[in-house]
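**Q** So that we are looking at the same thing, I have put the structure below in structure tokens.
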Amino acid sequence: MKLITQRLIAILLLVIPGLSAAYGFLRMKDALYDFFAKMGVETVNPDFDWIKFIGGAVLFLIGIGFIGGWIFFRDRKHNYLSSRFRPRPSRPPRPSSLGNGNSNDGHVE
């Protein structure tokens, strides 16, 4: 039962941002459609509903960003990413130049 609950929560964590992105897209589409539909009517001065459009864009970008980030980190965990997205291995420290006799730091012996 615990596994089913965990999978249900995981699915909801992906469905909610997906629905948010879809709703944001619909709000942007409706704002554009309403603006262009009012252009055909001569008695109405068309005005663009910026608040509706920007709110939809924010919802769309947050939803798509969440799903894209989730896919990116899942693929990084399973090592599916190309080499440019993989974390670089740490470089070994450089050897110090004090012990090799090639030091040219201005001291004359």
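**Q** Would you mind putting 5-11, 90-96, 49-55 in packing order, based on average other-beta-carbon counts within 10 Å, highest first? Numbers along the way, then the final one.
**A** On the way: 5-11: 9.9, 90-96: 6.6, 49-55: 13.9.
Per-residue mean Cβ counts within 10 Å order the peptides as 49-55, 5-11, 90-96.
**Q** So, counting K/R as plus one and D/E as minus one, what does the shell of residues with Cβ under 14 Å around R76 add up to? Please list the in-between numbers first.
**A** Numbers: positive: R74, K77, R84, R86, R88; negative: D75.
Counting the neighbours of R76, the net charge comes to +4.
**Q** Setting aside same-chain residues fewer than 8 positions from K52, which lysines have a Cα under 19 Å from its Cα?
**A** Those lysines meeting the cut-off are K29, K38.
**Q** Next question. Is the chain rounded, prolate or oblate when judged by the Cα gyration tensor, a ≥ b ≥ c being the square roots of its eigenvalues, rounded requiring a/c under 1.5 and prolate requiring a/b larger than b/c?
**A** On the way: a/c = 5.72, a/b = 2.04, b/c = 2.81.
Oblate, since a/c reaches 1.5 and b/c is not below a/b.
**Q** Helix 2-39 against the longest principal axis of the chain: what's the angle in degrees, Cα atoms only, rounded to the nearest 10?
**A** Its long axis makes an angle of about 60 degrees.
**Q** Arranged by the count of other C-beta atoms within 10 angstrom, fewest first, what order do K2, K38 take?
**A** Taking fewest neighbouring Cβ atoms as first place, the list is K2, K38.
**Q** Which of F35, F73 has the fewest other C-beta atoms within 10 Å, and how do the rest follow up to the most?
**A** F73, F35
**Q** Where does the chain land at 222 nm, in deg cm²/dmol rounded to the nearest 500, when only DSSP H runs of n ≥ 4 count, each adding -39500 (n - 2.57), divided by all residues?
**A** Numbers: 2 runs with 66 residues, N = 109.
So the helix-based figure for the chain works out to -22000 deg cm²/dmol.
**Q** I need to check one value: relative contact order of the chain, counting alpha carbon pairs closer than 8 Å and at least 6 residues apart, in percent.
**A** Result for the chain is 27 percent.
**Q** How far is helix 50-77 tilted off the main Cα axis of the chain, in degrees rounded to 10, range 0 to 90?
**A** Once rounded, the angle reads 40 degrees.
No lab work stands behind these numbers, since they all come straight from the coordinates. Owing to the predicted nature of the structure, the values given are computational and were not obtained by experimental measurement. Cβ: placed from backbone, ideal geometry, glycine included. Neighbour counts: every protein chain shown.
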